[in-house]
Each structure stands twice: as structure tokens, then as C-alpha cells.
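Here's the structure, in C-alpha cells; my notes come after.
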Amino acid sequence: MRLLEERIKKDGQVLGEDVLKVDNFLNHQVDPELMAAMGEEFKRLFEGAPITKILTVESSGIAPAVFSGLAFHVPVVFARKHKSLTLQDNMYSATVYSYTKKVNNHISISKKFLNENDRVLVIDDFLANGQAVEGLLEVIDQAGAQLEGVGIVIEKTFQKGRELLDQRGIHVESLARIAAFEQGEVVFLDENNEN
Ligand code: G4P
């Protein structure tokens, strides 16, 4: 998505080897017009899929997920993160390891908000190692719901998340696909292909 790639070039900051800081428009300050355009783009990319619910995980997935919900006219549910591993009967839950932050997060969703009639589109801000999405897929399985696809705002193709999802035959659409960080600059996959 050109608008997003331009914004990443303009406002994204490469930190170290493999982290892109996007707190100017995505995960601290949020640009609602860009989010709305992204919601519409996900709607176009998953056109025809009978989606009944958008699922994400707090906190940075919420903004793109809500605007996607607006475009699809379906409710948005975000999994909550807890440090405690105490299991509760009325929740679906999974454990998610964050490679970036080196912590285990316990995510959970109330059984009230996901069931076997749901056809789910997962939306998240980053696809890096794929652990957050894997956790959400586990929760969808527990609910007996059906996954329709995964929509990602920024994918880092050099980390293993995309491969994991492709291996499972999941329909994945990413609005920006980063091939590499070179000397502090972002290189998108489509730029590479043009060369
Ligand atoms: P995963 O999201 O694919 O599972 O990969 P990983 O375990 O590496 O990521 C853990 C957390 O780090 C996630 O946020 C993810 O969104 C974030 N993250 C991964 N790569 C980047 C990056 O290049 N830039 C930024 N800004 N974040 C990145 P989280 O722990 O769920 O936190 P939250 O910010 O959503 O609350």
C-alpha cells in the first residue's frame, strides 16, 4: 500500500538490526486517516470472505482492527494480555512469547465474544516472529470458529512469522512488506523485485 510505504519512509525510524519504530502514526500517536485507508484496503483484499468478526491483541493492533471493523461493518474483539497464568472458565486463552520483548504474555478472550459461528479476520500491526498471530489462532480453535485470513499492517519478511503462516496455508495480506533494513533505511519487498 503506497500511502503506508511513504509514511514509513517519512516517519519510521530503524532501531538496531531489526526493529522499526512507528510511534508517530501507528503505535503511540495514531493517524486516523491512515488507519481508515488501511481498513478500506483490508476490505478490498479480503473481498468476498464472509467475515463476521475482527480479532486482534492489545494494544497496538486495536487501531487498525477498529478501522477494519468499520470497513467490514463487523464487531472487533481484542485479546487482553495478562501476566497471571490463572485459568478462567469463561475465557479462551493462550500463551504468547514475545521475541522482541523477551516476555511471555498470557492472552485471553471472553467466551461471550467468539463462538463456532464466527468467521474471523485477524488483524495485527506487526508480523515478526508470528507468535502473537499463533496465539490468536489457538484462541480461534478453542472457540471452534473459522479463520478467514490474517491482515498485517507491517510485515518483516526476514523474520519467520510469514513462513509459519504460509506453511499452514493461511491467507495472509500485508499492507507493507519490509525485505530488509540497510544502513538505517527501510527496503520494501516490491522495491527489491523492481531491481
Ligand atoms: P510477533 O508480533 O510476530 O509475535 O513477533 P515478536 O514476538 O517479535 O513481537 C512482539 C512484540 O513486538 C509485538 O508487540 C509486536 O507488535 C512488536 N514488534 C515486533 N517487531 C516490531 C518492530 O519492528 N517495531 C515495533 N514497533 N514493534 C514490533 P506486543 O508485545 O504485542 O506489544 P504492543 O505494542 O502491541 O502492546
Exercise for the section: For residue 98 paired with residue 163, estimate the spin-label separation in nm (one decimal), with each label point 7 Å from Cα along the Cα-to-Cβ line. Expected result: 2.4
Exercise for the section: Enter the per residue convex hull volume of the chain, computed from alpha-carbon coordinates, in Å³ rounded to the nearest integer. Expected result: 115
Practice task
Among the GluC sites (Glu not before Pro) in the stretch 92-155, which ones are in a DSSP loop with at most 10 other Cβ atoms within 10 Å of the Cβ? Mind listing them?
Solution key: 116
Exercise for the section: Using only Cα atoms, find the angle between the long axis of helix 32-45 and the longest principal axis of the chain, and express it within 0 to 90 degrees, rounded to the nearest 10. Expected result: 70
Exercise for the section: For the pairs 9/156; 81/102; 43/102, note any where the Cα-Cα span goes beyond 24 Å. Expected result: 43/102
Exercise for the section: For 53, 112, write out the residues from largest to smallest accessible area, computed with a 1.4 angstrom probe and no ligands counted. Expected result: 112, 53
Exercise for the section: Could you check the simple spin-label distance between residue 2 and residue 36, using points 7 Å along Cα→Cβ, in nm with one decimal? Expected result: 2.0
Handout entry: Rounded to 10°, Cα long-axis angle of helix 2-11 versus longest principal axis of the chain
Key = 70
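If R0 is 25 Å, what FRET efficiency do you get for residue 119 and residue 189 from their C-beta distance, rounded to 0.05?
On the way: r = 29 Å, r/R0 = 1.14.
The formula returns an efficiency of 0.30 here.
The values are calculated or read from the model by the stated rules, or taken from the named source; none is laboratory data. Because the structure is a prediction, the values reported are computed rather than measured. Neighbour counts run over all protein chains shown; Cβ positions are idealised from the backbone, glycine included. These accessible areas exclude ligands, DNA and RNA; they are computed on the full protein's heavy atoms, side chains included. Shrake-Rupley method; radii C 1.70, N 1.55, O 1.52, S 1.80 Å.
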